[in-house]
């Protein structure tokens, strides 16, 4: 009997799922304590210590470039995510507008500057939360190539730390996790750890060679590009390493709306609306005011503070749809696709997936278990690496629940959002 434990290390929730001989078992959700880009690691540590030595294999998925420092006893700093003020402070301190390489790799959100911050504070070990959990479980100080790429320090063609960036930022390479293909160098070598980041795992759970949008705290819109490292940062689309398998890198292109679910949650809480109130929104005539917090993205990363007054729930909902729709259109210019799979908590209300289909003119597919897409995808990735017929399990774990047909009926929703972005930039 094979027992496997999967972690999804989220910024607001820690999710776990057991598999026993391929059958999904207990699913648990824990609330993560933190705010303003700084998270308390206690929950991650407690759960890792509770399950250590109880399973045959541990699979780690979840947030990328969320950096933590720790010492040999396991005592640690807080976790610093891309939302922390450290990035702003250290970008002013270390980035040089004349340094092409530095600006190419150390984009907003990259983990390198938070690594610098924690190394300066003397921590023996510094890395992502995934490396900390792996260390707690096995004592190994490692990071999978796919998790290291968002540090902003990894060569995406021949995966290795880039000497120039290490030297330029004066980082101690001995206090960076050892780079591994976690299947070949861990699972096959008897170290019970497999790693794959959340957006890569989510892409696998939808079929891999597809486009998907994960609508959660933020919104990630990704399209698989295979062996081609392509994107267009000028349009807000970053080329990303999805995973590294048997010496071959697999890439995806990604756009990111920073505060997608956060903006909605804060608005609903402020005005006392329930999530079900979204269904009652009247689409009405072809105009709305774009809600400014939803303009923050990889295309327009500037922070926008605004009072919620003066914006209706309709404005917020259509801004949510317009933001995702615009990125779908941009990604289709890079790698065309006819349908997009949606997952994450934001697809719980059927109005949003339907409006995305009828504004972006693309078929939208929603599978069951959309709140567990990364967990299932991480397990499917294990089957893939073992050479199994992993695609045959997708409909077993996550059968299609809804399908919405494409239309340009509400294309004006995207046009209004795009105009607002252009004015901002």
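The values are calculated or read from the model by the stated rules, or taken from the named source; none is laboratory data. Just so it is clear, the model here is predicted, and its values are computed rather than measured. We place every Cβ from the backbone using ideal geometry, glycine too, and count neighbours over all the protein chains shown.
Number of residues in the stretch 229-284 that are at pLDDT 95 or above and over 23 Å from the mean Cα position of the chain (by Cα) equals 0. In a residue-by-residue description of the stretch 214-222, the property of being crowded, with 22+ Cβ neighbours inside 10 Å, touching a helix residue (DSSP H, G or I) at 6+ places or on another chain (Cβ under 6 Å), within 30 Å of residue 54 (Cβ to Cβ) and in the same structural domain as residue 9 (by TED's automatic domain parsing) applies to no position.
Checking each residue of the stretch 381-400 against the condition of being surrounded by fewer than 20 Cβ atoms within 10 Å (Cβ to Cβ), at positive phi and free of Cβ contacts under 8 Å to residues at least 12 places away in the same chain gives at least one match. Of all residues assigned to the stretch 153-168, at least one qualifies as being assigned to a strand (DSSP E or B), more than 22 Å from residue 346 (Cβ to Cβ) and in contact with a helix residue (DSSP H, G or I) (Cβ under 6 Å, 6 or more places away or on another chain). Just one residue in the set 229, 264, 268 is more than 17 Å from residue 63 (Cα to Cα), part of a helix (DSSP H, G or I) and either in contact (Cβ under 8 Å) with a residue 60 or more places away in the chain or in the same structural domain as residue 82 (by TED's automatic domain parsing) (or both); that residue is 264. Has the stretch 186-202 got any residue that is within 23 Å of residue 76 (Cβ to Cβ) and without any contact (Cβ under 8 Å) to a residue 12 or more places away in the chain? For the stretch 186-202, residues within 23 Å of residue 76 (Cβ to Cβ) and without any contact (Cβ under 8 Å) to a residue 12 or more places away in the chain: absent.
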